[in-house]
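Worksheet: one structure, shown below.
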Amino acid sequence: MQQAELASEEARVAAIWRDKPGLWGFLTTVDHKRIAARYIVTTLALLIVAGILALDMRLQLSQPGMERMGPQRYNEAFSLHGSTMLFLVSVPVMEAMALWLVPLMLGQRNMAYPRLAAYSYWLYLGGVLMLWVPHALDVTPDLGWFEYPPLSGPTYSPGHRADIWAQMITFTEVAALAASVNVVATILKLRPPGMTLARMPLFLWAMLVTSLMTMLALPAVMLATSLLIADRLVGTQFFSPNAGGDVLLFQHLFWFFGHPEVYIIFIPAVGFISAIVETFSRRPLFGYTVQVLALISIGLLAFGLWVHHMFAVGLPRLGASFYTAASMAIALPVGLQIFCWIATIGSGRPRYDTPLLWIIGFIVTFVLGGLSGVMTASAPLDLQLTDTYFVVAHLHYVLVGGAMFPLFAALTYWYPKATGRMLSEWWGKVSFWLIFAGFNIGFFPMHILGLMGMPRRIYTYEEWTGWGTLNLVASGGVLIASAGASILVANALFSLRGGRRAGADPWGGSTLEWDCASPPPPHNFPATPVVESRTPLWRQEHAQAVMTGLSLKRREVLITSPGEAVPEYRQYSPGPSIWPLLSAIATGILFVGSIFTPWALVWGSIPVAVALIGWFWPRPVKEEPR
Amino acid sequence: MSESSQPHDQASGKLRPLRVVGSLSSLPDNVIGAANLNVWGVVAFMMIEGMGFALCGAAALYLASQGKGWPPSGTAPPDLSFGIAFTILLLASEVLNRWVDRKAWAHDLAGLRLGMVLITAVGVVLIGVRALELMHLNVRWSDNAYGSTIWLLMVLHTSHLITDVADTAVQTEWLFRKEIEDKQFSGASDNCLYWDFVVLTWLPIWGLVYWMPRFWGGS
C-alpha cells in the first residue's frame, strides 16, 4: 500500500519537473541532464573537429618538404587545435560530466542553481562560436594556445586574430566559473541525509577539489587576456617594456592558471577512475582516505609549480631549484593514487569490460607521461627539451592518457545510464585497442624526435635532418587511432537504438545514480534517498531507505548541512526560463563588442543588467508551471 | 522520455523497492544565514572576485618591483583628499549596512525598506565621489604601466561598486511590492554580505593606489 502511495506521489512530482515540449522547452530547460548532454555533445563534436585538424597536421609532417600547408596555415592549424582542445574540450567536458553526474550521485533532482547551469552552457557555446565563426571567415588566431606578448601585442599582431583568441577565453572561463560555483554549492549543500563528507563518493571529492581550483585559477587567465585586450584596444602599457611594463607578467599570470589547469583536467579523471575501478573490481576502493588527501594535496601543490613553464626565460637560480623541487613533489600524491587503484584491482575480482580496459590504458600511458614530466621538471634538462617535440609528446601523454582515456572510460561506463542502452562490448574493445595502440605509435616517437632536436610548431623540415622515418611512423599511428575513434563514435550512434536494454544498474555499481531509471526521468528519483555507507547500493538490505515530504506542488530540493548532511530546509528550485539564454546573448554582445570599442563595456552592460534583472525577478510561486 | 520509475524488483533490471524512513515535510521552506543556499553562491562569487583582486594587487606589486619608478619621475601620486573622503564614507556605510542586515534577520519590513533606501542613496553618493577620485588620479592609463595599473585597480573596484548599488536599488524596489516573500529577507541579507565585500576589498586597493606610490618612491 505504501508503494502505491509512493507511485502516485511520484506521478505528481514527475509532472512538476517535466519540461515543455518542442523548441521552447529546448531553449528554456534547466534540467541538468539535458544541459549536460548538450554540453557533452558539443565538446565531443569539437574533439572530433580539432582531432581532424591534428590529422591534417600529421599528414603535413609525415614526409620532409610537404606543401599541403604553408607556414601561416600551419600556425593557424596548431593554434586552433590547441585552443579548442584546452579551452573548448578538456575543461568543459569535465564540467559537463559533473553537471550530469553530481545530482544523480547525490540522489537529487537538480543542481543548486539550475539557471546558472543553463547560462553556463549558452556562454560556452558563445566561446565556441567566437573561435570557429571567425575561422570560417579566415580570421583565425595564429599564435598558439598561449599567446605571449609582445608577439600578441598591438605592435606585432595588428588585426583581430589575437583579440578573438583572448575573448574566446573570456567566454569559456566565465562559463567554467559559473559551472564550478554550481558544482561546489551542490556538493556541499545538496547531499542526501547520511552522506557525510567522509561517505562522499570519490568522484564528488574530485569535482569539489577541481571546482575550487577552477575558481582560484581561472581569474588569472581572465586577467592576463583582459590586460592584453586593454593593451591592444585602449593603449594601456602593461606589457610594454619601454613604458614600464613587463612581458613576463603575462607569462606569470597565464601559467598561474595554466599549470593548475592541467590538474583541473586531470582530477575529474581521477574521479571517473575511482568510480570505475571500484565497480569493476567489485570491492570498495582501496585507501579511500589516502585518495582524498592525495586529491587535496594535488590541488594545493598545483598552485606552486607554474614557474616550471618559464625555466627558459631566465630566472634566479634559487627560483629554478624551488620550482624543480615543487614540480617533482607533485608526483608523490599522484603516485599514491595509482598504487591505490592497482591495489583495488589486484585485491578485487576484476571484470575486464571496456571501461576497465580504458582505465588500464590510462595507467600505462599516464605513468609514461608522468615520467617525461619528472624529466622536464628538472630545470637544466628542461632548457634542452623546451620547445621540442619531447614536450609535445609529454603533454599529449598526460592529457590524452591522463584525461581522455578516463573520459572514454566514463562515457562507456555511464552511457547505459544516460541512454538506457548498452554499447557493443566487442566494438568497444576494438576501438580501445586501436586508439591505445595508435596513440602510442603516434606519440612515443615524438620523444625521440624531440631528443633529436626537432622543434615544435614548425610546418615542415628538410630531408637531411633524418626526422622523416619517425614522423611517418607517428602519422601512421595517428591514422590508426583515428580509425578507432570512428568506430567508437559509430558504436555510440548505433547503440542508441540498437543496443541491448540496460536496466537501472547494468554494472552492479555502488553509488546512487545506479538506483534511478535509465535514462533518468526529469525528476531523477521518486524520493530522497538516505545513505548509510560509502557504497550505498552495496548493502545487505534490498530496499532503498528514502525520505518523502518534498513539495508535490512546486519544484523543491533538500538542503543539508555541509559536513554531516543534516537536513536543514526545503529549497524552492527554479523552473524553466528563457532568461539564462537572453543573459548569455547580452553578455556575448558585450564581449564581442569590446574587441572593437571600449564603449561596448559601457553600453553593452545595459542589456546585461536588464537580462539579469529579468532572470532574478521574483515571481509568486503560483506562476511556476503546473 | 521517461520510463515509469515505480519501484520494481532489481533482478528484472528494474528499480529496487523503497522503504520510507521519515518525512521532510516539517522542514522550513526558507532560512536566513549561513544555512541558506544562496549565501554559498554569494560567497563563491566573492571568492572568485577576491582572487581577481588579489591577482591585480600582485600584478601591481610585480610591476612596481621592476625598478622603473612607482610612479615614474614626473608623475604625481593620486590626490589624497577624495580618496580619504571615499574611504570614510564607505566605512560609515558599513555601519548602516550591518544595521540593514539586522533588520533583514528580524523580518522588520519597515526598517528594512528604510535601510535599503538609505544604503542605495549612500551608494549613489559614493559613485559620485568615486568619479571625483578618477578625475584626480594624475595619470592616464595610456601614459605608462604605472598609470595602467592604477586605473586597473580603480576600474575593478568601481565596477563592483556600481554593480552592487544597482543590485541594491533593484532589491529595494522589490521590497515595495505588494506581496513580500520570505526569501526577500534572506536576499537582502545576502546583499549586505556582498556590500561587506565591496567595503573590505577597497582597503587594500586604497593602499595600493594611494599609499604605495607615496612610500615606494620614484625611480
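The values are calculated or read from the model by the stated rules, or taken from the named source; none is laboratory data. If you're wondering where the values come from, they're calculated on a predicted model, not measured in any experiment. Here the Cβ is made from the backbone with ideal geometry for all residues, glycine too, and neighbour counts use every protein chain on show. Surface areas here come from the heavy atoms of the whole protein model, side chains and all, with no ligands, DNA or RNA. Shrake-Rupley method; radii C 1.70, N 1.55, O 1.52, S 1.80 Å.
Observations
- Of all residues in region A:110-154 being open to solvent by 20 Å² or more (accessible area, probe 1.4 Å) and within 14 Å of chain B (Cβ to nearest Cβ), the one that is nearest to A:GLY235 (Cα to Cα): A:PRO154
- Restricting region A:520-536 to residues that are within 26 Å of the chain's Cα centre (by Cα) and of a type in the set (S, T, N, Q), the residue that is most open to solvent (accessible area, probe 1.4 Å): A:THR535
- Filtered by the rule that a residue be open to solvent by 30 Å² or more (accessible area, probe 1.4 Å) and hydroxyl-bearing (Ser, Thr, Tyr), region A:345-371 gives A:SER347, A:TYR352.
- Residue in region A:455-467 that is in contact with a strand residue (DSSP E or B) (Cβ under 8 Å, 6 or more places away or on another chain) and more than 30 Å from A:TYR415 (Cα to Cα) present: yes
- Meets criteria (open to solvent by 30 Å² or more (accessible area, probe 1.4 Å), aliphatic (A, V, I, L, M) and within 14 Å of chain A (Cβ to nearest Cβ)) for B:ILE180: yes
- Filtered by the rule that a residue be open to solvent by 30 Å² or more (accessible area, probe 1.4 Å), facing chain A (nearest Cβ under 7 Å) and not hydrophobic (A, V, I, L, M, F, W, C), region B:31-66 gives B:TYR62, B:GLN66.
- Restricting the search to helices (runs of 4 or more DSSP H) fully inside region A:1-103 and requiring at least 3 residues that are modelled with pLDDT of 95 or more and open to solvent by 20 Å² or more (accessible area, probe 1.4 Å) gives A:22-28, A:32-61, A:71-83.
- Condition met for A:ALA302 (within 30 Å of A:PRO536 (Cβ to Cβ) and in contact with a Pro (Cβ under 7 Å, 6 or more places away or on another chain)): no
- For region A:272-284, the tally of residues that are in contact with a Ser or Thr (Cβ under 8 Å, 6 or more places away or on another chain) and either buried (at least 24 other Cβ atoms within 10 Å of the Cβ) or assigned to a helix (DSSP H, G or I) (or both) stands at 5.
- Output for region B:109-143, where each listed residue is assigned to a loop (DSSP other than H, G, I, E, B) and at negative phi: B:HIS136, B:LEU137, B:VAL139, B:ARG140, B:TRP141, B:SER142, B:ASP143
- Any hit, region A:372-386, residues being in contact (Cβ under 8 Å) with a residue 40 or more places away in the chain, open to solvent by less than 60 Å² (accessible area, probe 1.4 Å) and within 27 Å of A:GLU95 (Cβ to Cβ): yes
- Selection count, region A:390-407, where residues are closer than 15 Å to A:ILE40 by Cβ and surrounded by fewer than 23 Cβ atoms within 10 Å (Cβ to Cβ): 0
- Selection of region A:227-268 for residues being under 30 Å from A:PHE203 (Cα atoms), touching a residue at least 40 places away in the same chain (Cβ under 8 Å) and within 10 Å of chain B (Cβ to nearest Cβ) yields A:PHE256, A:PHE257.
- Within region A:487-519, considering residues that are acidic (Asp, Glu) and in a helix (DSSP H, G or I), the one surrounded by the most Cβ atoms within 10 Å (Cβ to Cβ): A:GLU513
- Of all residues in region A:499-519, exactly one satisfies the criterion of being at the interface with chain B (Cβ under 10 Å from one of its Cβ atoms), touching a residue at least 60 places away in the same chain (Cβ under 8 Å) and acidic (Asp, Glu), namely A:ASP515.
- Of all residues making up region A:412-455, the number that are open to solvent by less than 10 Å² (accessible area, probe 1.4 Å), of a type in the set (Gly, Ala, Ser) and assigned to a helix (DSSP H, G or I): 5
- A:ILE613 satisfies every condition listed in (1) open to solvent by less than 20 Å² (accessible area, probe 1.4 Å); (2) within 9 Å of another protein chain (Cβ to nearest Cβ); (3) farther than 20 Å from A:ALA15 by Cα; (4) not polar (S, T, N, Q) except (1).
- Yes/no for A:PHE322 being assigned to a helix (DSSP H, G or I), under 22 Å from A:GLN291 (Cβ atoms) and among the aromatic types (Phe, Trp, Tyr): no
- Residue tally, condition assigned to a loop (DSSP other than H, G, I, E, B), under 18 Å from A:THR560 (Cβ atoms) and more than 7 Å from chain B (Cβ to nearest Cβ), over region A:520-543: 7
- Which numbered condition A:ALA584 misses (of (1) more than 23 Å from A:ALA14 (Cβ to Cβ); (2) open to solvent by 30 Å² or more (accessible area, probe 1.4 Å); (3) more than 13 Å from chain B (Cβ to nearest Cβ)): (2)
- Flag for B:SER142 being within 14 Å of chain A (Cβ to nearest Cβ), more than 27 Å from A:LEU612 (Cα to Cα) and touching an Asp or Glu at 6+ places or on another chain (Cβ under 9 Å): no
- When residues of region A:561-594 are limited to those that are in contact with a Phe, Trp or Tyr (Cβ under 7 Å, 6 or more places away or on another chain) and aromatic (Phe, Trp, Tyr), the one farthest from A:ARG34 (Cα to Cα): A:PHE591
- Sole exception among (1) modelled with pLDDT under 95; (2) buried (at least 17 other Cβ atoms within 10 Å of the Cβ); (3) charged (D, E, K, R) for A:ARG317, by number: (2)
- Condition check for B:GLY123: away from chain A (no Cβ under 12 Å), farther than 22 Å from B:ALA85 by Cβ, crowded, with 21+ Cβ neighbours inside 10 Å and small (Gly, Ala, Ser): no
- Filter result for B:GLY69 (assigned to a loop (DSSP other than H, G, I, E, B), at pLDDT below 95 and surrounded by 14 or more Cβ atoms within 10 Å (Cβ to Cβ)): yes
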